[in-house]
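To keep things clear, I will list the structure first and then write my remarks on it.
No value in this document is a laboratory result; all are computed from the given coordinates. What you see is a predicted model; the values in this text were computed from it and never measured. With ideal geometry, Cβ positions are generated from the backbone for all residues, glycine too; neighbour counts draw on all protein chains shown.
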Amino acid sequence: MTASQLNAERDARAREFESLILNRLLSVGQKTVADAIGVSESTVSRWKEGEIERWCKVLALLELQVVPMSAQCHPSEYIQALKTLAELGLQAEKKRPGPLGWD
């Protein structure tokens, strides 16, 4: 991958993170967040003018992720093993003989 492709991929991840954070902020409410961390609601509002975007770029650069609590993250090796098992199962299903006739 070229540097520009890596940058484009990183920027896309940063935008995805920002979208997730802004959506959650909208659902939870700026006041709730502000009260929970001891800042004013206007401070949280100002974050939306570039601070959240900047930190999302940092997270993407550091190869970290922002995911909902309901998400499950697994190592790529584990996912690859599951894909391999699924593929083997599909291949075995294709080789299986047809109906025996009395079904």
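So what is the diffusion coefficient of the chain in µm² per second by Stokes-Einstein at 25 °C and 0.890 mPa s, using a Kirkwood Rh over Cα pairs?
Numbers: Rh = 17.6 Å.
Roughly 139 µm²/s, to the nearest whole number.
Rounded to the nearest 500, what is the chain's calculated 222 nm mean residue ellipticity when only DSSP H runs of at least 4 contribute -39500 (n - 2.57) each, over all residues?
On the way: 5 runs with 70 residues, N = 103.
Helices in the chain give a 222 nm mean residue ellipticity of -22000 deg cm²/dmol.
In debye, nearest 20, what is the charge dipole magnitude of the stretch 1-100 about its Cα centre with +1 on Lys and Arg Cβ and -1 on Asp and Glu Cβ, if you could check? Can you show the working numbers first?
Working: 13 positive and 13 negative charges, 68 e Å.
Dipole magnitude for the stretch 1-100 comes out near 320 debye.
Please list, in order along the stretch 21-34, the HN-Hα scalar couplings obtained from phi with the Karplus expression 6.51 cos²θ - 1.76 cosθ + 1.60 (θ = phi - 60°), rounded to whole Hz, x for Gly and Pro.
5, 5, 5, 5, 4, 5, 6, 7, x, 4, 5, 4, 5, 4
Only Cα pairs within less than 10 Å get springs; with that Gaussian network setup on the chain, which residue of Ala36, Ala81, Ala14 has the largest fluctuation?
Ala81
Excluding residues fewer than 8 places away in the same chain, name every one of the aspartates and glutamates whose C-alpha is closer than 19 Å to that of Lys48.
Asp11, Glu16, Glu18, Asp35
Pull up the cross-link candidates among the aspartates and glutamates for Lys95, meaning alpha carbon to alpha carbon under 14 Å and not fewer than 8 places away within one chain.
Glu87
Note down the relative contact order for the chain as a percent, whole number, built from C-alpha pairs under 8 angstrom at least six residues apart. List each step's numbers first, then the result.
Numbers: 37 pairs, mean separation 30.4, N = 103.
With pairs under 8 Å counted, the relative contact order is 30 percent.
Given springs between every Cα pair under 10 Å in a Gaussian network model of the chain, which of Gln72, Gln30, Gln91 has the largest fluctuation?
Gln91
Lys31: which aspartates and glutamates have alpha carbons under 18 Å from its alpha carbon, excluding same-chain residues fewer than 8 sequence positions away?
Within the straight-line cut-off, Lys31 pairs with Glu41, Glu49, Glu51.
Can you find, among Thr43, Cys56, Gln80, the residue farthest towards the positive end of the dipole of the chain? Put +1 on the C-beta of Lys and Arg, -1 on that of Asp and Glu.
The listed residue farthest towards the positive side: Gln80.
Using a 10 angstrom cutoff on alpha carbons, build the Gaussian network for the chain and name the most mobile of Leu22, Leu61, Leu85.
Highest fluctuation among the options: Leu85.
Return one number: the angle in degrees, 0 to 90 and rounded to the nearest 10, between the long axis of the Cα atoms of helix 76-95 and the longest principal axis of the Cα atoms of the chain.
That works out to roughly 30 degrees.
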